[in-house]
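What follows is a short report on a single structure.
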Amino acid sequence: MQSLWQAIVLGIVQGLTEFLPISSTAHLRIVPALLGWSDPGAAFSAVIQCGTLAAVVAYFWRELIAVVRGTLLGIAHGRPFETFEARLGWMMVVGTLPIVVLGLLLKDLIETELRSLYVIAGALAGLAVVLMIAEQIHRRRAQAGDEGRRLDEATWTDGLVVGFAQALALVPGSSRSGVTIMGGLFRGLSREAAARFSFLLSMPAVFAAGMYQLLKERHALLASADAARDLIVATVVAGIVGYAAVAFLLHYLRRHSTYLFIIYRLALAAVLVGLLATGRLEPDAGAEPLESPAAAAAAD
């Protein structure tokens with residue numbers, strides 16, 4: 001990070017793109033590359049996601065309280081799956097396991113090779129195509145009179161499928177909200193229910209990733225007062241913008257499909273491939289792996 005201005009811009013980018021199905025990680029790589037800035041790194045990206053996590057908590061605080069209360073009461077009464085709120089709490093836990101396990105196993109790959117702009121372009125286009133297929137299936141169901149199930153009608157299979165879909169978000173360019181909404185549509189949830197489940201399911205994974213990277217890379221992320229300031233500013237800005245993005249997407253999906261985002265993803269992938277093919281961007285443009293002294297010592 002080189003300036004407070006860059007921190008603000010990256011915070012806005014993170015807040016706008018974390019919840020829209022267009023990939024925040026992709027934009028946090030593409031925007032700095034286009035502007036000639038260095039890659040802020042996987043750790044910086046993970047930590048400022050905590051700002052958008054705070055936005056989700058603020059938006060869904062009533063649902064969260066109900067989920068936590070229902071889960072604890074279910075455990076206390078020896079009937080952990082009796083109510084919808086209790087089941088939803090356990091679905092969030094089970095649905096988070098795939099991304100946690102795969103994230104730890106593929107950590108080095110995610111932080112290095114997978115941040116290539118070629119990989120990001122492929123993921124942008126690939127998920128757009130799969131999301132388009134999910135939309136077509138949803139449309140056929142709607143034409144048959146099935147608008148999709150509500151969130152309180154979600155099953156354990158829904159939780160597992162959406163949880164495994166969320167693991168695809170480990171590939172930069174795929175989009176956490178995009179893959180989870182896609183999984184929900186394939187399972188027959190309504191667009192709004194799929195989006196709500198996507199936001200709720202993101203909370204444990206985003207919190208775990210942010211805390212892990214903050215502890216692991218704290219020496220580099222907090223190397224100076226300016227670095228700490230930039231991290232805090234980017235996180236706060238991401239939270240404010242993210243809250244508005246959550247409200248917008250839920251309202252939008254009540255009346256519209258995800259085709260606007262599908263078209264955007266395909267267009268962005270095409271532009272990115274064009275810039276790479278003509279040499280205007282390098283696949284690893286701006287990439288500077290973030291390495292703490294402790295990580296360097298461990299590598300030795």
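Odds and ends about this structure:
- Residue in region 76-84 that is within 23 Å of Gly173 (Cβ to Cβ) and either in contact (Cβ under 8 Å) with a residue 12 or more places away in the chain or surrounded by 22 or more Cβ atoms within 10 Å (Cβ to Cβ) (or both) present: no
- Looking only at region 1-39, and only at residues there that are without any contact (Cβ under 8 Å) to a residue 40 or more places away in the chain and of a type outside the set (S, T, N, Q), the one that is farthest from Tyr264 (Cα to Cα): Trp5
- Selection status of Ile48, open to solvent by 10 Å² or more (accessible area, probe 1.4 Å) and either under 14 Å from the mean Cα position of the chain (by Cα) or not aliphatic (A, V, I, L, M) (or both): no
- Here region 113-130 is the region considered, the condition is being touching a residue at least 60 places away in the same chain (Cβ under 8 Å) and in contact with a Pro (Cβ under 7 Å, 6 or more places away or on another chain), and the residue that is surrounded by the fewest Cβ atoms within 10 Å (Cβ to Cβ) is Tyr118.
- Filter result for Gly163 (among the small types (Gly, Ala, Ser), open to solvent by less than 70 Å² (accessible area, probe 1.4 Å) and part of a loop (DSSP other than H, G, I, E, B)): no
- Of the criteria (1) outside any helix (DSSP H, G or I); (2) farther than 21 Å from Thr52 by Cβ, which one Pro172 fails: (2)
- Flag if Leu105 is touching a Leu at 6+ places or on another chain (Cβ under 8 Å), closer than 24 Å to Ser175 by Cβ and open to solvent by 20 Å² or more (accessible area, probe 1.4 Å): no
- For region 146-160, a residue qualifies if it is in a helix (DSSP H, G or I) and either within 17 Å of the chain's Cα centre (by Cα) or surrounded by 17 or more Cβ atoms within 10 Å (Cβ to Cβ) (or both), and the qualifying residues are Leu151, Asp158, Gly159, Leu160.
- Within region 174-205, considering residues that are among the hydroxyl-bearing types (Ser, Thr, Tyr) and under 13 Å from the mean Cα position of the chain (by Cα), the one farthest from Asp152 (Cα to Cα): Ser174
- Thr25 being of a type in the set (Ser, Thr, Tyr) and buried (at least 24 other Cβ atoms within 10 Å of the Cβ): yes
- Those helices (runs of 4 or more DSSP H) lying entirely in region 183-274 with at least 2 residues crowded, with 22+ Cβ neighbours inside 10 Å: 191-216, 225-253
The values are calculated or read from the model by the stated rules, or taken from the named source; none is laboratory data. Keep in mind it's a predicted model, so treat the numbers as computed, not measured. Positions of Cβ are generated from backbone atoms using ideal geometry, with glycine treated the same way; all protein chains shown enter the neighbour counts. Remember, those area values only see protein heavy atoms, side chains included, never the ligands or the DNA or RNA. Shrake-Rupley method; radii C 1.70, N 1.55, O 1.52, S 1.80 Å.
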